[in-house]
Structure formats: C-alpha cells, structure tokens
Amino acid sequence: MQTDNKILEVNNLKMYFPVYSRGVFPRHIANVQAVDDISFFVRKGETMGLVGESGCGKTTTGRAIIRLYAPTAGQVIYEGQDVTKIKGKDLRLIRRRIQMVFQDPYSSLNPRMTAGNIVGEPMIVHKLVKGRGEFRDQVRDLFQTVGLNAAMTDRYPHEFSGGQRQRIGVARALAVRPSLIICDEPVSALDVSIQAQILNLLEDLQAQFDLTFIFIAHDLSVVRHMSDRVAVMYLGKIVEIASREELYENPLHPYTKALMSAVPIPDPSVERKRERIVLLGDVPSPLHPPSGCRFHTRCPIAIDICNQVDPEWREVSPNHWVACHRV
C-alpha cells in the first residue's frame, strides 16, 4: 500500500467498553467491541471517508483517534508520534493539531457562552492570543472565514439556526490552526439545502488552509462528493478500502455492494434496471459479535469458512483492499 506523505496512521486499533454486572459487588462480565482491530492511514491534504451503518464504530474511531476515548489497544501515530502513549502537555499539543467537528450542532455548543467566546476559547487554552483586542480580531476573522457576520459574536447559540451553529463549530475547530480535522457526520442533522453549503465551505477551507479531513458519514452520496479514499466499516471492522472512483465503480465486498445498491440514482431508467441488494436480518450486537467474518450472518454469498475464520486483509488490486473469503 502506498503510504507516502501520510499524516496519520492507525494500527490495530481496538476500543472496547466494559460491561459490569449489577449488584453490591459488580464484576466485569463482557466487552462491547465498538472498534475491533482496524488499520488505515491518511495522507496529508486528502479526505478519508469513513462509512457504514449506524452503530458500526465510525464515531468511536474518530473519538479514539483524538483521545476523547482512551483506546483499549493499538497505535494512533500522528506525524510520527503515538497519540495513545502521550499525556499532559504533549497531548494538549497534539489536540491543537487534531480537531473535531461534531455531529449535533445543538448539543455541541455551550448554551451559556456567546458564540464569540465559544470560538475563541481554544485560542486562550492554547495561548495563541495576547490581549483582548487580538482575541476579538481573531474571532471576527474566523466568523468571516466560515461565512458568518462578525457582528454576531455576542449572540448565544439559541439565536442561530442549525447551519449557522455548525459554522460556529467549524470556526472553533479552525481557531487553533489544526492540520487534521475529524468531521463526525457534520451535515446529518441539517436540511438538505444547508448540507450543500456546509460541504462547500469545508472544501473551500481545505484548499485555503491545506487541511486533511477524516469525513465520517452514513450518506454515501455525501462521502462520494467529499472523499478521495473511502473505508467501509461493519460492526467494528473495516471490510474494504479503496479510492472513491474504484469503490463506487467496482465494489468487491458484499456489504459494500449492498450499501451501494441503496444509493438512489437520479436517472429513473437506470434506477429501474439496476439490481437492488436487500440484506436479511439485523446487525448483530457488538457485545457478542459473530465468529469468523462478522458479516456472514447477513451475507448472501457466505460459505462454511465464513463463520469459522476471520478473513485476511488483502490487496486485490493496486490500493484496493478488502477482507472477504469470496473475493
């Protein structure tokens, strides 16, 4: 796999959440395997898409990378430094370089702070401004950068629309001049017309500030528009990684094919003729995931080995990786 100019490398990342029994003396009885042994890398300046059904571990992966969750195992190497092994001042420095835009623009902003203070607080924490005048000027510049009127800095979050709140979230992420931004479904809570505005804003900011994105979403159309490469997740595992063009034109894993078949096509004649793959059953619980390939309980082409052996991660064509016994 070509790994030149990589800014982030995730190796064998695991994120388990312990489950305890009830009672006077609770004991550890199981683990929710939210993320289970995934590996990928991100090149500087690209957008890496992370897609899958709700509950597959996308958001947990993003939060483990930025150490909002302490990973159970594995490495998160950012610019040559293992994020999982640092703490204190070194961790704060890393978090200045990696920022996150959260999914819900309503709950991710402190309702008791003005928008200007929300955007400017990271600059104070990281000591990037000197004096009140510079603070005010920087905040006004950030508001204008994300398409907000600088006169709005003294308003509170409840005085903004959903799209405006998400712009405030983007401005807050930009405040500390990061190089990598994890976008956790940044448009899923917004109206369709507003989604396009936020996506265009993110693309413009990426070009203007030379940003790298990890773009988490379940909307495959949005991911196709934004991403350079795409990783597909299912029940805590990455099952396929390829470039955007390769993945959408030649999906290989049966789960990826099912996802692609659910994406609507604007042309009615093409939509009527194409094959629709409907998966049977429900997604298994990450508390007790299936043995072997985790997708075998819903896979239309599963064979005996699929429920016994976890498939190997293989490069089936240049830069196109898949984990499936049948590919």
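The values are calculated or read from the model by the stated rules, or taken from the named source; none is laboratory data. Note that the coordinates shown come from a computational prediction; the quantities given were computed from them, not determined experimentally. All Cβ positions, glycine included, derive from the backbone under ideal geometry; neighbour counts span all protein chains shown.
Within region 64-110, take every residue that is of a type outside the set (A, V, I, L, M) and without any contact (Cβ under 8 Å) to a residue 12 or more places away in the chain and give me the one that is surrounded by the most Cβ atoms within 10 Å (Cβ to Cβ). Checking each candidate, the answer is ASP82.
Summed over region 270-327, residues that are among the β-branched types (Val, Ile, Thr) and touching a strand residue (DSSP E or B) at 6+ places or on another chain (Cβ under 7 Å) total 3.
Considering the conditions (1) crowded, with 21+ Cβ neighbours inside 10 Å; (2) in contact with a strand residue (DSSP E or B) (Cβ under 9 Å, 6 or more places away or on another chain); (3) at pLDDT below 95, ARG172 is excluded by exactly one of them, (3). A single entry from ALA150, ALA173 fulfils the requirement of being touching a Phe, Trp or Tyr at 6+ places or on another chain (Cβ under 7 Å) and either acidic (Asp, Glu) or under 25 Å from ALA207 (Cβ atoms) (or both): ALA150. Within this structure, VAL76 passes the test of being modelled with pLDDT of 95 or more and in contact with a Ser or Thr (Cβ under 7 Å, 6 or more places away or on another chain).
LEU93 falls short on exactly one of the conditions (1) of a type in the set (A, V, I, L, M); (2) at pLDDT below 95; (3) more than 25 Å from the chain's Cα centre (by Cα), and that condition is (3).
Checking each residue in region 67-83 for being assigned to a loop (DSSP other than H, G, I, E, B) and of a type in the set (Ser, Thr, Tyr) picks out TYR69, THR72. Does PRO186 satisfy the condition of being within 17 Å of the chain's Cα centre (by Cα), at pLDDT 90 or above and either of a type in the set (Val, Ile, Thr) or in a loop (DSSP other than H, G, I, E, B) (or both)? Yes: the conditions hold for PRO186. If I ask for residues that are within 23 Å of PHE40 (Cα to Cα), in contact (Cβ under 8 Å) with a residue 24 or more places away in the chain and exposed (fewer than 14 other Cβ atoms within 10 Å of the Cβ), which ones from region 288-315 would you list? The answer is GLU315, and nothing else.
Against the test of being over 19 Å from the mean Cα position of the chain (by Cα) and either within 24 Å of SER317 (Cα to Cα) or touching a residue at least 40 places away in the same chain (Cβ under 8 Å) (or both), the options PRO268, PRO284 yield a single qualifying residue, PRO284. PHE41 satisfies every condition listed in (1) of a type in the set (Phe, Trp, Tyr); (2) in contact with a Lys or Arg (Cβ under 6 Å, 6 or more places away or on another chain); (3) under 13 Å from PRO71 (Cα atoms) except (3).
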